[in-house]
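Since the structure comes first, as structure tokens, the remarks are kept for the end.
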Amino acid sequence: MDIRQVSGDDITRQILEFLSAATGGTALAEDQDYIAEGLVNSIQAVELVTRVEQRFGIEVEVSDLDLDNFRTAGRIADFVRRKRAAAAPDTRDG
Amino acid sequence: MDVASFVDSVRADVAGWDRAGGLPSAIVPTMATGGFLAADLPRRYGGADLGQRDLGEICASLGGVCSALRSLVTVQGMVAAALLRWGTGAQRAAWLPTLASGGNIAGFAATEEGAGSDLGAMSTTVQGHGDDVVVRGRKLWVSLGRLATVFLVFGRQDGLPVAVLVESDRPGVVVEPIADPLGLRAAQLANIRFEDVRVPAANLVAPAGFGLSHVAATAVDHGRHTVAWGCVGLAAACLEQAVQHTARRVQGGVRLADHQLVRAVLGRAYVATSGARQLCAHAARLREQRSPSATAETVVAKYAGAAAAASVSQDAVQLLGAAGCGPDNPVNRFFRDAKIMQIIEGSREVGELDIGEFALRTAGPDRTL
């Protein structure tokens with residue numbers, strides 16, 4: 001499947017699924033601050049970055065490291081959408 | 001010089017380094033010229049663009065002769081990996097070529113009196129928000145601490161985990177050598193005190209909040225991989241010593257290797273070494289593919305590598321008998337170094353918990369991401 005075909009809702013759902021699995025099956029809410037609650041360890045944090053990069057075809061750079069981009073599943077999904085919008089080829093005329 | 005020639009050139013000296021508790025200073029430029037330092041960096045940063053498997057084989061070769069040499073490659077690679085991944089363009093351009101050339105020797109300053117496996121408990125502070133920040137704290141068990149020219153230090157800024165580069169010649173950096181440790185005796189271990197050390201804010205790596213979960217985690221992940229391969233080399237060297245000894249030594253008219261008890265030990269050591277090597281190769285492949293499982297599988301490889309190093313070195317000492325206990329016998333040194341491998345870059349027990357956690361969630365139904 002072309003990663004660009006993943007819909008916005010799918011992004012949130014897939015991130016929630018990974019975070020829930022990583023946090024021992026916790027049913028996480030889209031706006032739950034899993035970082036402040038200490039629910040992921042550093043191995044999972046690195047894995048989450050790689051998963052997001054691989055799954056959604058983006059690159060997480062140091063300038064993207066803002067807790068506001070990562071502290072909830074919803075914010076990660078927003079971040080992914082912004083990165084993909086910025087990276088998408090401009091198909092408009094002119 | 002390729003790594004095999006390099007290893008041959010130092011083989012006669014390494015026992016002396018272990019006794020003296022240090023590496024000769026000329027070893028750094030020699031290893032840099034050989035392309036062994038930060039070798040997996042891209043060429044534009046002075047690296048050799050080496051693949052993870054090739055990097056691993058270098059570490060296995062070094063680990064088979066001297067764990068302190070492998071430790072030098074490990075720490076240099078850890079700090080280079082953290083800067084390559086999370087440094088700014090300016091930081092990468094400024095620091096990475098010096099790590100590849102050996103112009104800077106890196107130290108990884110994370111552990112504290114109250115913060116080992118739980119680095120989140122660290123109390124080192126990084127204060128200030130202007131052009132400079134001030135680092136205050138004491139870090140323990142820093143490999144190459146006496147040789148390092150720059151430390152990647154972890155602390156808290158306004159309570160948030162942060163990483164900062166501190167050059168060793170800045171006023172307030174105090175190096176306290178650790179004499180006579182159990183193993184890794186030539187790795188120039190030191191505790192480092194940072195007494196209100198002022199550094200430019202440009203030395204901060206990644207924003208506050210990401211110091212441990214991203215900067216330290218990337219470094220330690222890289223370190224686990226090179227330690228794992230070093231352990232494989234150490235185990236293989238011990239197996240070779242055990243094979244040579246038991247194939248030649250005759251007691252009561254019987255070759256030692258012709259006793260079933262001895263031969264079974266050799267068989268188990270072969271499986272442990274070979275199995276660890278395959279897990280390392282698997283981790284290296286996943287790392288090259290940038291697989292999300294690479295970090296966890298690297299924990300697996302390091303766990304198996306350290307276990308093989310510990311068990312095979314113990315077997316080798318036993319099979320060599322009194323000879324293996326002698327002052328200059330390599331298995332004596334490997335045995336002491338191997339114990340360290342089950343503690344550094346994540347203890348055996350913490351590794352088991354992490355691997356168990358990975359097993360739990362990868363065997364679960366949610367594998368879409």
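The values are calculated or read from the model by the stated rules, or taken from the named source; none is laboratory data. Keep in mind the model is a prediction, meaning the values are calculated, not measured. Every residue, glycine as well, gets a Cβ built from its backbone with ideal geometry; the counts of neighbours run over all protein chains shown. Note: areas computed on protein heavy atoms with side chains; ligands, DNA, RNA excluded. Shrake-Rupley method; radii C 1.70, N 1.55, O 1.52, S 1.80 Å.
Given a 1.4 Å probe and the protein chains as shown, B:H214 ends up with an accessible area of around 20 Å². Ranking of A:R82, B:R287, B:R185 by solvent-accessible surface, largest first: A:R82, B:R185, B:R287 (1.4 Å probe, protein heavy atoms only, all chains present). Just how much of A:T50 is accessible, in Å², when a 1.4 Å probe is used and the result is rounded to the nearest 10? Rounded to the nearest 10, that gives 20 Å².
Please compute the per residue accessible area over chain B with all protein chains in place, 1.4 Å probe, rounded to a whole number of Å².
Details: 14860 Å² over 369 residues.
Using a 1.4 Å probe on heavy atoms only, each residue of chain B averages 40 Å².
Taking amide hydrogens as placed 1.01 Å from N in the peptide plane, the amide H of B:E167 sits under 5 Å from those of B:F151, each at least 5 positions away in sequence or on another chain. Could you tell me how many degrees, from 0 to 90 and to the nearest 10, lie between the Cα long axis of helix B:348-362 and the main elongation axis, the longest principal axis, of the Cα atoms of chain B? Once rounded, the angle reads 80 degrees. For a test of the definition: using alpha carbon positions, the gyration tensor, and the 1.5 limit on a/c, classify region B:69-190 as rounded, prolate or oblate. Since a/c reaches 1.5 but b/c is at least a/b, the shape of region B:69-190 is classed as oblate.
A probe of 1.4 angstrom, applied to the heavy atoms of all protein chains, finds B:E195 with accessible area near 80 square angstrom. Chain B contacts chain A over a buried accessible area of about 2500 Å², both sides summed; the probe is 1.4 Å and only protein chains count. Per residue, region A:3-85 exposes 43 Å² of accessible surface when a 1.4 Å probe is rolled over the protein heavy atoms with every protein chain present. Listed by chain and number, the lysines whose C-alpha is less than 26 Å from the C-alpha of B:K139, apart from same-chain residues fewer than 8 away, are B:K302, B:K339.
Which shape class applies to region B:163-227: rounded if a/c is under 1.5, otherwise prolate when a/b exceeds b/c and oblate if not, where a ≥ b ≥ c are the square roots of the Cα gyration tensor eigenvalues? Since a/c reaches 1.5 but b/c is at least a/b, the shape of region B:163-227 is classed as oblate. Share of the protein assembly as shown's accessible area from carbon and sulfur, percent, 1.4 Å? Ligands and nucleic acids excluded, carbon and sulfur give 52 percent. Phi-derived couplings, Karplus 6.51 cos²θ - 1.76 cosθ + 1.60 at θ = phi - 60°, listed residue by residue for region B:65-82: 10, 7, 5, 5, 5, 4, 4, 4, 5, 4, 5, 4, x, 4, 5, 4, 5, 5 Hz, with x used for Gly and Pro.
Once you keep just the Cα pairs under 8 angstrom separated by 6 or more residues, what percentage relative contact order results for region B:3-101? Could you put the intermediate results ahead of the total?
Working: 93 pairs, mean separation 32.4, N = 99.
That works out to 33 percent.
Annotation for region B:296-369: trypsin sites (Lys or Arg not before Pro) lying in DSSP loop with at most 11 further Cβ atoms inside 10 Å of their Cβ are B:R367.
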